[in-house]
Amino acid sequence: MKLQQRNWAATSPDYDVCQYVKDEIAYRVADKVYDLTKFNEVCLDLGCGGGHIAPNLIKENVGMLLQCDMSEGLVRRSHGAGDAEIPTLRVVADEELVPFRNSSIDLILTSLSAHWINDLPGWFNRCFQVLRPDGAIIGAMLAGDTLFELRCSLQLAEMERLGGVGAHVSPFVQPQDVGSLMNRAGFDMITLDTDDIEVREI
């Protein structure tokens, strides 16, 4: 079902209209790359979607970019690296499986994809395996009270109209749980930031 939704989104004529939130969050993820002191020969954009991270990368930080997403439509329309000197390879594969060789990646970037992962502990384990010993992962995901207002509104409306409540919004992981899962997978020097982005009009 996730694949069907992504393929549908890739062909929607209104696809670009609502991408400003993804662009902003991807910019924040890419900005963290500047905090790293080492050059990243192979960078993996896991769950690249429309390629929101890539335009913000520069050749001083990244040697080669791999963009991976399960949707061929999204991979096909994804933006390449903003710096033309960064070779970009697009891979159509299920990002939940992290289908890359062990110890082959210097840096994993992921923006607004990880909250769709069904087996988050297994996913973090796999990410740790594909990273080289001094590798890093930088990502952003929806978590905690995301869409709290929408959930409450739907619950109140259903209680009033139908007398019961259904689940319309996927549950989100708590930020503190993400740190525990990463630690169990083998990551150290874990830093977690939480940001609130308020969208007033849709």
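The values are calculated or read from the model by the stated rules, or taken from the named source; none is laboratory data. All of these numbers come straight from a predicted model, not from anything done at the bench. Every residue, glycine among them, receives a Cβ derived from its backbone with ideal geometry; neighbour counts consider all protein chains shown.
Annotations for the structure displayed:
- The set of residues in the range 159-199 being assigned to a loop (DSSP other than H, G, I, E, B), closer than 25 Å to F128 by Cβ and either touching a residue at least 40 places away in the same chain (Cβ under 8 Å) or of a type in the set (A, V, I, L, M) (or both) consists of S170, F172, V173, G186, F187, M189, I190, L192, T194, D195.
- If you check L109, L89, L97, L74 for being in a strand (DSSP E or B) and under 15 Å from the mean Cα position of the chain (by Cα), only one passes: L109.
- Here G135, G122 are screened, and the one residue that is under 19 Å from the mean Cα position of the chain (by Cα) and part of a helix (DSSP H, G or I) is G122.
- Any hit, the range 26-45, residues being part of a helix (DSSP H, G or I), closer than 26 Å to D196 by Cα and free of Cβ contacts under 8 Å to residues at least 60 places away in the same chain: yes
- Tally of residues being more than 12 Å from the chain's Cα centre (by Cα), crowded, with 17+ Cβ neighbours inside 10 Å and aliphatic (A, V, I, L, M) across the range 20-41: 1
- In this entry, V165 passes the filter for residues that are more than 24 Å from N61 (Cα to Cα), β-branched (V, I, T) and modelled with pLDDT under 80.
- Filter result (exposed (fewer than 10 other Cβ atoms within 10 Å of the Cβ), within 19 Å of the chain's Cα centre (by Cα) and either modelled with pLDDT of 90 or more or of a type in the set (A, V, I, L, M, F, W, C) (or both)) within the range 170-196: T191, D193
- Residue within the range 153-160 that is closer than 25 Å to V21 by Cα, exposed (fewer than 14 other Cβ atoms within 10 Å of the Cβ) and out of contact with any His (no Cβ under 8 Å at 6 or more places or on another chain) present: yes
- In the condition set (1) touching a Pro at 6+ places or on another chain (Cβ under 9 Å); (2) over 19 Å from A26 (Cβ atoms), N118 is compliant with all but (1).
Matching residues to (1) touching a Leu at 6+ places or on another chain (Cβ under 7 Å); (2) surrounded by 15 or more Cβ atoms within 10 Å (Cβ to Cβ):
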{"residue": "T88", "(1), (2)": "yes, yes"}
{"residue": "E96", "(1), (2)": "no, yes"}
{"residue": "H115", "(1), (2)": "yes, yes"}
{"residue": "P133", "(1), (2)": "no, no"}
